[in-house]
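Enquirer: Take this structure first; my questions come after.
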């Protein structure tokens, strides 16, 4: 059935457009839910034809209709990321389960979590900080997921899940403490803790390892192409952690799959 994935992709694009507003207005004193969208350069209020996700950017040639100033590529990129992630999460759920209330709620929960993580990743890229106003809702939702699993599945260990999250966050805390914040920000510590609560011990550690691999490759790539980049240059680590979470979730990857036990 093609219609449902297409609809979900379009909804993802629309949510991505809203996430752009959240990212750009955060910590500016402007509300993300009130006030008309306007050009960042000339202040001209944008009409609906200029607000269609991705399509408007392409139709305008990446420039404001009024002042011709370039529009940030962040707009279509975030919209496309959101749409693709929504479809990927939809595909991750068994089709037969869509008639189950639990499956629908699981999908809704996953796209809310994904939206928060997208905001964290893009904001970290722009400002090299993971804002608490988004971080804490993510962590609370991860804890809520543990509580729901503990209620629905008697065999699920709530205590084990809570402790597992602490273990996942512990290496980041130690790195932050030993380096006095130079090697790792405390926002990354909180993000790793939330990821541990969300994914559990095995998948959480798998996400951390994959994030370090991705980060290392990205650093080497930047060194190779940019003369201004060096081994001492700082890269925000949050986006790598968040990308790793998506990879682990969609691939159902655990630590034992990364490092199979030797017989």
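Enquirer: Taking 0.36 nm per intervening residue step and subtracting the Cα-Cα distance, what contour gain separates residue 159 from residue 48 on full extension?
Expert: Answer, rounded to one decimal: 35.0 nm.
Enquirer: Can you tell me the relative contact order of the chain? Whole percent, Cα pairs under 8 Å, sequence separation 6 or more.
Expert: 16 percent
Enquirer: For the chain, what is the mean residue ellipticity at 222 nm derived from helices alone (per DSSP H run of n ≥ 4: -39500 (n - 2.57); sum divided by total residues; nearest 500 deg cm²/dmol)? Write out the running numbers ahead of the final one.
Expert: Numbers: 10 runs with 174 residues, N = 263.
Value at 222 nm, helices only: -22500 deg cm²/dmol.
Enquirer: Still on this structure, please answer the following. Testing the spin-label approximation: label points 7 Å from Cα along Cα→Cβ at residue 72 and residue 212. State their distance in nm.
Expert: With each label point 7 Å from Cα toward Cβ, the separation is 3.2 nm.
Enquirer: Let me ask you something else. Which distance in nm do the two modelled labels at residue 252 and residue 37 give, with both placed 7 Å along the Cα-to-Cβ direction?
Expert: Taking the two extended label points, one gets 3.8 nm.
Enquirer: Helix 238-251 sits at what angle to the longest principal axis of the chain, using alpha carbons and giving 0 to 90 degrees rounded to 10?
Expert: Once rounded, one gets 70 degrees.
Enquirer: Please determine, in degrees from 0 to 90 and to the nearest 10, the orientation of helix 158-179 with respect to the longest principal axis defined by the Cα atoms of the chain, where the helix direction is its Cα long axis.
Expert: That works out to roughly 70 degrees.
Enquirer: What angle, in degrees between 0 and 90 and rounded to the nearest 10, separates the Cα long axis of helix 186-199 from the longest principal axis of the Cα atoms of the chain?
Expert: For 186-199 against the chain, the angle is about 70 degrees.
Enquirer: Sticking with this one: Please work out how much length the chain gains when fully extended from residue 152 to residue 179, using 0.36 nm per residue of separation minus the C-alpha to C-alpha distance, in nm with one decimal. All intermediate terms of the calculation are to be shown ahead of the outcome.
Expert: Values: separation 27, 0.36 × 27 = 9.72 nm, distance 4.15 nm.
Gain on extension, residue 152 to residue 179, equals 5.6 nm.
Each reported figure results from applying straightforward, stated rules to the coordinates on display, with no laboratory input. Predicted, not measured: the structure shown is a model, and the values here were computed from it. FYI the Cβ positions are ideal-geometry reconstructions off the backbone, even for glycines, and counts take in every protein chain you see.
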